[in-house]
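The values are calculated or read from the model by the stated rules, or taken from the named source; none is laboratory data. All values reported here derive from a predicted model rather than from experimental measurement. So basically every Cβ, Gly included, is an ideal-geometry build from the backbone, and we count neighbours across all protein chains shown. Heads up: the accessible areas ignore ligands, DNA and RNA and are worked out on the full protein's heavy atoms, side chains in. Shrake-Rupley method; radii C 1.70, N 1.55, O 1.52, S 1.80 Å.
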Amino acid sequence: MTGLRRVVVIGAGIMGAACARALAQDGHQVTVLERGAVAGQTSSHCEGNLLVSDKGPGMELELAKAARARWPQVAAELAAELGEPLGDIEFEPKGGLVVATTEAGGAALTGFAAEQRGAA
């Protein structure tokens, strides 16, 4: 981009904070407006999960996989930028277990897993 721009980002959740950081790194003057605590609304209520296991083939799965791959890099960058004030961001890769209680449910889960493997 050419020239310094003054930008207002509304919301200091994970998306607003990420946008504000990227804009500031690009040289823009950024003001963030948040009515409550930083990451205290939607970001805190969704437990910060980057779920891949519940997404079928398509753009949502691709975005989830990209986010899962990028998050450790962002965490390291933030730690380098902010040092001790950053604290623990609690990034923990996790798995999950889905149980079917019927044969039909098991068949549906097996089909879904095959679709996901095919999208890899």
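Here are some notes:
- For region 9-119, with +1 on Lys and Arg beta carbons and -1 on Asp and Glu, the positive-most of Leu23, Gly56, Pro72 along the dipole: Gly56
- Förster-model FRET efficiency, 25 Å R0, Ala113 and Phe91, C-beta, rounded to 0.05: 0.50
- Kirkwood-type hydrodynamic radius, the chain: 17.3 Å, calculated from all non-identical alpha-carbon pairs.
- A Cβ-based charge dipole, computed about the Cα centre of the chain with Lys and Arg at +1 and Asp and Glu at -1, lands at about 380 debye.
- Per residue, region 4-94 exposes 73 Å² of accessible surface when a 1.4 Å probe is rolled over the protein heavy atoms with every protein chain present.
- Between Ala18, Ala107, Ala69, the GNM of the chain built on Cα springs shorter than 10 angstrom shows Ala107 fluctuating the most.
- Relative contact order of region 1-76, defined on C-alpha pairs under 8 angstrom at six or more residues apart (%): 26 percent
- Within the listed set Leu82, Leu23, Leu61, the Gaussian network model of the chain (springs between alpha-carbon atoms below 10 Å) gives the highest mean-square fluctuation for Leu82.
- Protein accessible area in region 1-83, 1.4 Å probe - carbon and sulfur %: 61 percent
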